[in-house]
Amino acid sequence: MSSTATPKTATTHAHAIVWIDHLTAKIFGMGLTGVDTIVVPAHLSSTHLHHKANSIGAGKVESDPAFLVTVGQALQNCTDVLIMGPGNEKTELLHHLQDTHPNIIVRIEASDHPTDKEIIACGKEFFGFA
């Protein structure tokens with residue numbers, strides 16, 4: 001019998017830190033027993049913005065409508081979430097979670113592009129696991 005590993009789709013921890021931009025969400029579930037990691041990619045028609053002068057449109061890459069839903073599903077077992085990221089996606093995720101998972105305590109913090117180790121260290125300090 002062969003078994004195939006299925007990707008982890010939801011963290012089992014009550015605390016999570018999410019780093020999100022328009023391309024991906026990195027979810028780090030945290031607890032006393034350790035850290036688990038889930039990466040949720042956005043499925044965009046293009047990852048690059050090409051805006052021409054005198055053209056119609058806002059010059060913004062179309063978002064993936066299922067992206068925030070998938071991130072929210074990965075956080076369904078959480079009670080406390082810190083969202084970090086460089087752009088508007090962190091605020092969009094905040095509003096999505098407030099609408100769909102009102103039992104989760106959610107806070108946001110602006111962040112550029114830290115390494116995974118830096119994100120985990122920030123989460124451990126924020127949640128008191130340091």
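Filter the helices (runs of 4 or more DSSP H) completely within the stretch 59-130 down to those with at least 1 residues that are in contact with a Phe, Trp or Tyr (Cβ under 7 Å, 6 or more places away or on another chain).
116-127
Among the residues that make up the stretch 114-125, is at least one of them modelled with pLDDT of 95 or more, surrounded by 18 or more Cβ atoms within 10 Å (Cβ to Cβ) and under 19 Å from His22 (Cβ atoms)?
Yes; the residues of the stretch 114-125 include at least one that is modelled with pLDDT of 95 or more, surrounded by 18 or more Cβ atoms within 10 Å (Cβ to Cβ) and under 19 Å from His22 (Cβ atoms).
Would you point out the residue of the stretch 1-38, among those that are at pLDDT below 85 and not small (Gly, Ala, Ser), that is nearest to the chain's Cα centre (by Cα)? Talk me through it step by step, then tell me what you get.
Step one: filter the stretch 1-38 for residues at pLDDT below 85, giving 1-9.
Narrowing the set further to residues that are not small (Gly, Ala, Ser) leaves 1, 4, 6-9.
Values: Met1: 35, Thr4: 26, Thr6: 20, Pro7: 16, Lys8: 14, Thr9: 12 Å.
Ranking the candidates gives Thr9 first.
Please find, within the stretch 39-58, the residue that is modelled with the lowest pLDDT out of those that are assigned to a strand (DSSP E or B) and surrounded by fewer than 17 Cβ atoms within 10 Å (Cβ to Cβ).
Taking the stretch 39-58 first, the residues assigned to a strand (DSSP E or B) are 39-41.
Still in the running and surrounded by fewer than 17 Cβ atoms within 10 Å (Cβ to Cβ): 39, 41.
Details: Val39: 95, Pro41: 92.
Out of the qualifying residues, it is Pro41.
Among the residues of the stretch 67-95 satisfying the criterion of being of a type in the set (Gly, Ala, Ser) and modelled with pLDDT of 90 or more, which is farthest from Ala16 (Cα to Cα)?
Taking the stretch 67-95 as the starting set, the residues that turn out to be of a type in the set (Gly, Ala, Ser) are 72, 74, 85, 87.
Filter again for modelled with pLDDT of 90 or more, leaving 72, 74, 85.
On the way: Gly72: 12, Ala74: 10, Gly85: 14 Å.
So the residue we want is Gly85.
The values are calculated or read from the model by the stated rules, or taken from the named source; none is laboratory data. Remember, predicted model here, so these are calculated numbers, not experimental data. Neighbour counts run over all protein chains shown; Cβ positions are idealised from the backbone, glycine included.
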